[in-house]
Amino acid sequence: MKAERDIFNPPVGKGNKKSRALGLDAQGIQKTMRPYHYLGDGAAQVALNSINGLIGMLTYFYTDKVGIAAATVGTIMLITKFINAIADLLMGRIVDATKSKYGKARPWILWMALPTLASIILLFTVPTEASSTVKTFYALATVAFASAIVYTGIAIPFGSLMAIRTRSVEERGKMGLTRTIFGYIIGMIIAIALIPITNMLGGDQKAWIIVAVVLGIVSFISLILTFLASKENNAGASIVESDNIPFWESIKLLFQNKYWVIMLFAQLLINMLYTLNGSTGIYYTKYILGNENLIGIMGAVGLVPVFLGFVMVGPMIKKFGLTRTARLGMILGIVSSLIRCFMPYNFIAAIVLGGIATLATIPMMAVGGVLVNNTVEYGEWKTGKRLVGMVNSANSFGVKIGTGLAAAMIGWILAMGSYDGALVTQADSAITSILVLRVYLPLVIFVLTYLCLRKYDLDEKYPQIVKELEERLNP
């Protein structure tokens with residue numbers, strides 16, 4: 001246990017004195033981070049949300065720009081996400097076993113920078129003159145590369161950094177909020193500006209590739225910045241116990257962690273909602289409202305609740321705690337979505353109630369990763385094994401399966417409604433399918449996510465768990 005104690009209590013020196021100078025958080029846990037650490041840490045979220053946001057727009061790109069059938073696109077998305085599910089669990093084990101001069105998680109941020117640039121560009125270089133079979137397999141391969149290999153190779157180490165960097169819930173909360181702000185900014189840029197910019201550049205495949213190159217370069221730079229700003233030498237935790245745990249034993253231990261299981265389903269559901277919101281607006285504005293460029297206006301107006309949410313979520317976390325803040329957001333989403341169901345064709349309702357629903361998702365965006373990482377300590381307290389990488393596979397696993405199911409459902413539901421991207425005017429059944437995706441299904445997801453969060457009561461137990469872990473390491 002000597003090595004573990006050395007990690008938990010670094011020798012008193014220059015670095016440790018700096019850490020002590022930061023003081024303790026409200027729960028009496030040592031703080032380790034300064035403002036520039038939060039900014040550098042949050043930058044990697046730009047790369048993650050660029051990949052995620054662009055994959056969310058691929059259904060429209062494939063159906064309307066490349067000519068792949070909607071049902072085929074849905075199947076592609078689902079297949080790649082199940083590949084991702086396996087990759088997530090493997091990557092969690094790899095992170096736990098990684099040993100390098102940079103640490104366990106931090107080196108992966110650097111190693112994935114160049115593949116990120118390549119993967120974003122490859123998503124849009126589908127050979128348009130090829131047969132439908134070739135286009136389908138190309139799409140499957142490039143989406144799998146971008147999501148199962150590159151996104152996973154960033155997301156799980158990045159999530160693990162939160163647990164390795166600090167045990168302070170206060171600091172983890174600030175990390176989560178900063179990451180959310182960075183991610184939402186790039187996500188909103190993609191949602192608002194992608195269609196108008198590509199249309200301005202000609203609206204063809206070349207225009208999409210130009211935008212992909214720019215986003216790829218920005219993502220590359222963001223990962224380098226996060227690597228430079230991150231640290232693992234003040235983890236305040238025993239991170240060596242999981243090195244030799246067999247993979248299947250790690251899986252068994254995860255499912256003994258009830259809070260990990262809860263967050264697995266909560267993350268799956270909320271990421272379905274994010275994908276639906278990010279990917280169906282173009283269909284709604286184009287065929288329900290009659291002007292696809294309105295997506296930019298709706299997105300711009302939608303920034304108001306986003307900024308309001310970022311302002312509110314910090315004080316809400318301080319007053320209500322992490323989980324209650326997320327629950328309040330879900331309740332707000334349920335109410336606004338329910339009202340919108342009675343006026344699905346109304347543009348004002350789409351702006352106002354849609355904006356409130358967006359506001360409702362901000363708390364979960366900010367605290368979801370924190371709630372996942374807090375289960376690391378619970379699992380260590382319950383089983384005696386600390387699985388940082390494997391626990392964070394819940395976050396990435398939920399993102400992948402959630403986004404995959406949502407993307408598949410978009411393609412399948414559009415196909416069920418006889419949607420045809422080549423038609424200027426869609427059949428009534430296609431219009432109904434768009435309304436299901438944009439209006440009715442989000443309500444169901446808000447309700448299910450709220451029910452999951454009702455079962456998560458770790459916030460009250462966390463300080464005592466950390467105290468007992470410290471006593472085990474320092475009897």
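The values are calculated or read from the model by the stated rules, or taken from the named source; none is laboratory data. Computed from a predicted model, the values in this text were never measured in an experiment. Here the Cβ positions follow ideal geometry from the backbone for every residue, glycine too, while neighbour counts run over all protein chains shown. Ligands, DNA and RNA are stripped out before the accessible areas are found, and what is left, the full protein with its side chains, is counted by its heavy atoms. Shrake-Rupley method; radii C 1.70, N 1.55, O 1.52, S 1.80 Å.
Restricting attention to segment 20-51 and to residues that are outside any loop (DSSP other than H, G, I, E, B) and modelled with pLDDT under 85, the residue that is surrounded by the most Cβ atoms within 10 Å (Cβ to Cβ) turns out to be GLN30. Do we find that THR432 is closer than 30 Å to LEU254 by Cα and modelled with pLDDT of 90 or more in this structure? Against the criterion (closer than 30 Å to LEU254 by Cα and modelled with pLDDT of 90 or more), THR432 does not qualify.
Could you pull out the residue among VAL388, VAL370, VAL399, VAL376 that is under 30 Å from ILE465 (Cα atoms), at pLDDT below 85 and in contact with a Lys or Arg (Cβ under 8 Å, 6 or more places away or on another chain)?
On the way: VAL370 fails: at pLDDT below 85; VAL399 fails: in contact with a Lys or Arg (Cβ under 8 Å, 6 or more places away or on another chain); VAL376 fails: at pLDDT below 85.
Exactly one of VAL388, VAL370, VAL399, VAL376 is under 30 Å from ILE465 (Cα atoms), at pLDDT below 85 and in contact with a Lys or Arg (Cβ under 8 Å, 6 or more places away or on another chain), namely VAL388.
Beta carbons closer than 6 Å, at least 6 apart along the sequence or on distinct chains, pair a first residue in segment 163-192 that is at pLDDT 85 or above with a second that is hydroxyl-bearing (Ser, Thr, Tyr) for LYS174/TYR38; THR178/TYR38; ILE186/SER50.
Against the conditions (1) under 19 Å from GLY56 (Cα atoms); (2) open to solvent by less than 30 Å² (accessible area, probe 1.4 Å); (3) of a type in the set (Val, Ile, Thr), VAL466 satisfies every one except (1). Only one of the listed residues (THR125, THR133) is open to solvent by less than 50 Å² (accessible area, probe 1.4 Å), among the polar types (S, T, N, Q) and modelled with pLDDT of 85 or more. That residue is THR125. Selection of segment 52-70 for residues being surrounded by fewer than 19 Cβ atoms within 10 Å (Cβ to Cβ) and on the phi < 0 side of the Ramachandran plot yields ASP64, ALA69. From the list LEU276, LEU269, the one residue that fits, being open to solvent by less than 20 Å² (accessible area, probe 1.4 Å), closer than 22 Å to ALA326 by Cβ, at pLDDT 85 or above and of a type in the set (A, V, I, L, M), is LEU276. Beta carbons closer than 9 Å, at least 6 apart along the sequence or on distinct chains, pair a first residue in segment 459-475 that is in contact (Cβ under 8 Å) with a residue 24 or more places away in the chain with a second that is surrounded by fewer than 14 Cβ atoms within 10 Å (Cβ to Cβ) and in a helix (DSSP H, G or I) for LEU473/ARG5; ASN474/ARG5. Where the second residue is open to solvent by less than 20 Å² (accessible area, probe 1.4 Å) and of a type in the set (Gly, Ala, Ser) and the first is under 15 Å from THR323 (Cα atoms) and lies in segment 248-262, which pairs have Cβ atoms under 7 Å and are six or more apart or on separate chains? Once the first residue is under 15 Å from THR323 (Cα atoms) and sits in segment 248-262, its partners that are open to solvent by less than 20 Å² (accessible area, probe 1.4 Å) and of a type in the set (Gly, Ala, Ser) give TRP260/GLY379; TRP260/ALA394.
Where helices (runs of 4 or more DSSP H) fall entirely within segment 366-459, none has at least 3 residues that are out of contact with any Pro (no Cβ under 9 Å at 6 or more places or on another chain), on the phi > 0 side of the Ramachandran plot and open to solvent by 50 Å² or more (accessible area, probe 1.4 Å).
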